């Protein structure tokens, strides 16, 4: 069985976001780049399927040269090879990106295509269902539990007030939520082996844009609050303020 | 130009987030000069005519046996059919679990752009611009749509519903050809214990952090939440420690929330937590460290031992409830 996992390199969640000179994007100065946290659950689940059912796991990522560091990290965890869709310009919108991914993934004949439910930079959460639609595959997004038997996956996803349990026959696209599994760390042996695994670099054109970023800015700081007081003695005043000033209770 | 709204129903009931979307659609349609049209996929009619009261003039009803549960591909086909029929300027979806799964499928089918998690929509000069938090709220992005229709997912609890007392919407069947059974088949829906409201749709949230010192002490958070009619949230630290389930997590790798009241108890305010809750209308922080970053975003702070303050707050709120 062939599986594909799509990963995105993003700014570390501890990053203090600054706006670049173009007024539309993140200032990359001083940013630490990590694999999108939700993608780690996708990689882990794909590795578990590979350990059980065998086959090949191919990691795919789009971005500038630095993305190869992230791909090398996934190879160290156990992916067999990687495809780097080299793209240096401004970030693509979700549909433009999905089109590039679909074109690269279509010929691979994958039974499972994995992605994180969203990237923690633009928080769009669109690429999984878009990619599935373009590939003509069914999709279950935001998987919190996954089981595979006889070519059918049973996937649980959190909805408001409960969980949906969904059966989907492969091939399928699955996007992963935190809590699905506990991602492993790379072993020294894995890191050494990854150095010899192939990363195929291909140029990726952007295509037609469907969403245009007009501006990026920092949110207005919240007005300075106040310390109502210390200890339980402050509670009656706090409740009065919540009732009479903020009018929220 | 008309505005199309996806009407979300579960178990034959229209979800409140769809009324928020209809409310925003009503404002946009007034600016763009056109009607508000709804599209609903369901096994049977959840009384969509009643949505006239929430702003819909017409509702297209795609009734199909496959639609007893959510059916991503089938629902996307229904919304696409409605778009081709109505030719709207914009299509609004509530940013719920269903909406977030459905809208990207519709965008891919139509080949148009989708803005997720919108908190404001501007129509100046007839051009649509959506404002959306990115980096979980550490920054704000404005986007426009080179192609029509513009697809927008609206963050819950931001947009107000409208009330047009007694108005009924006209209901038209939407014909749909679906081949075979759904490929994504919902086997069952397991309800959360106690019918818990999702954090993203809660009016009031009480969140606990490391300051609680252990999972057993969340009982005082649960009690405060109960007195306020609130949902319990948690910081990443306590979720990673296994004290609380992941779906309770507020912050950059959890949920981004905008309740009217957010009470942070024993949470110091790591940057990724602040990102996820600083769009709350009113923030209360209870923490022993007066220098904790949480106090920089809090409207009201109480410094001291949370094990004394929280029960006192619960008692005070209960006193209030007894008088109400």
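Quick rundown of the values:
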read-out: Residue match in the stretch A:193-209 (condition: at the interface with chain B (Cβ under 9 Å from one of its Cβ atoms) and either surrounded by fewer than 14 Cβ atoms within 10 Å (Cβ to Cβ) or touching a residue at least 60 places away in the same chain (Cβ under 8 Å) (or both)); value: yes
read-out: Top-ranked residue of the stretch B:241-255 - restricted to ones that are at the interface with chain A (Cβ under 8 Å from one of its Cβ atoms) and not in a helix (DSSP H, G or I), ranked as farthest from residue A:163 (Cα to Cα); value: B:252
read-out: Subset of the stretch B:256-301 [assigned to a strand (DSSP E or B), within 10 Å of another protein chain (Cβ to nearest Cβ) and within 18 Å of residue B:203 (Cα to Cα)]; value: B:261, B:262, B:263, B:282, B:283, B:284, B:285, B:300
read-out: Tally, over the stretch A:146-162, of residues that are over 16 Å from residue A:41 (Cβ atoms), at the interface with another protein chain (Cβ under 7 Å from one of its Cβ atoms) and outside any loop (DSSP other than H, G, I, E, B); value: 2
read-out: Within the stretch A:164-176, considering residues that are surrounded by 19 or more Cβ atoms within 10 Å (Cβ to Cβ) and facing chain B (nearest Cβ under 7 Å), the one farthest from residue A:62 (Cα to Cα); value: A:164
read-out: The stretch B:147-156, subset touching a residue at least 60 places away in the same chain (Cβ under 8 Å) and outside any strand (DSSP E or B), residue nearest to the other protein chains (Cβ to nearest Cβ); value: B:156
read-out: Residues of the stretch B:186-226 satisfying the condition of being under 20 Å from the mean Cα position of the chain (by Cα) and in a loop (DSSP other than H, G, I, E, B); value: B:192, B:196, B:197, B:198, B:202, B:203
read-out: Residue match in the stretch A:217-226 (condition: at the interface with another protein chain (Cβ under 8 Å from one of its Cβ atoms), modelled with pLDDT under 95 and in a strand (DSSP E or B)); value: yes
read-out: Residue selected from the stretch B:15-43 under the condition touching a strand residue (DSSP E or B) at 6+ places or on another chain (Cβ under 8 Å) and in a loop (DSSP other than H, G, I, E, B), by the criterion nearest to residue B:123 (Cα to Cα); value: B:34
read-out: Some residue of the stretch B:182-193 being out of contact with any strand residue (DSSP E or B) (no Cβ under 9 Å at 6 or more places or on another chain), closer than 26 Å to residue A:143 by Cα, surrounded by fewer than 21 Cβ atoms within 10 Å (Cβ to Cβ) and within 13 Å of chain A (Cβ to nearest Cβ); value: yes
read-out: From the options A:143, A:94, residue that is more than 10 Å from every other protein chain (Cβ to nearest Cβ), in contact with a helix residue (DSSP H, G or I) (Cβ under 9 Å, 6 or more places away or on another chain), touching a residue at least 60 places away in the same chain (Cβ under 8 Å) and surrounded by 24 or more Cβ atoms within 10 Å (Cβ to Cβ); value: A:143
read-out: Residue A:232 at the interface with chain B (Cβ under 8 Å from one of its Cβ atoms), free of Cβ contacts under 8 Å to residues at least 40 places away in the same chain and under 30 Å from residue A:23 (Cβ atoms); value: no
read-out: Criterion violated by residue B:238 - all others in (1) surrounded by 23 or more Cβ atoms within 10 Å (Cβ to Cβ); (2) within 20 Å of the chain's Cα centre (by Cα); (3) in a helix (DSSP H, G or I) satisfied; value: (2)
read-out: Checklist (1) assigned by TED's automatic domain parsing to the domain that holds residue B:56; (2) closer than 26 Å to residue B:277 by Cα applied to residue B:209, failing item; value: (1)
read-out: Residues of the stretch A:105-120 satisfying the condition of being outside any strand (DSSP E or B) and over 22 Å from residue B:93 (Cβ atoms); value: A:105, A:106, A:107, A:108, A:109, A:110, A:111
read-out: Close pairs from the stretch B:157-170: first at negative phi, partner in a loop (DSSP other than H, G, I, E, B) and at pLDDT below 95, Cβ under 9 Å, at least 6 apart; value: B:158/B:258; B:158/B:279
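So that you can scan it fast, the table gives a plain yes or no per residue for (1) surrounded by 23 or more Cβ atoms within 10 Å (Cβ to Cβ); (2) more than 14 Å from the chain's Cα centre (by Cα); (3) facing chain B (nearest Cβ under 8 Å):
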{"position": "A:71", "(1), (2), (3)": "yes, no, no"}
{"position": "A:106", "(1), (2), (3)": "no, yes, no"}
{"position": "A:109", "(1), (2), (3)": "no, yes, no"}
{"position": "A:117", "(1), (2), (3)": "yes, no, no"}
{"position": "A:125", "(1), (2), (3)": "yes, no, yes"}
{"position": "A:132", "(1), (2), (3)": "yes, yes, yes"}
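The values are calculated or read from the model by the stated rules, or taken from the named source; none is laboratory data. These figures come from a predicted structure and were not determined experimentally. Don't worry about glycine lacking a Cβ; one is built from the backbone with ideal geometry, like all the others, and counts go over all protein chains shown.
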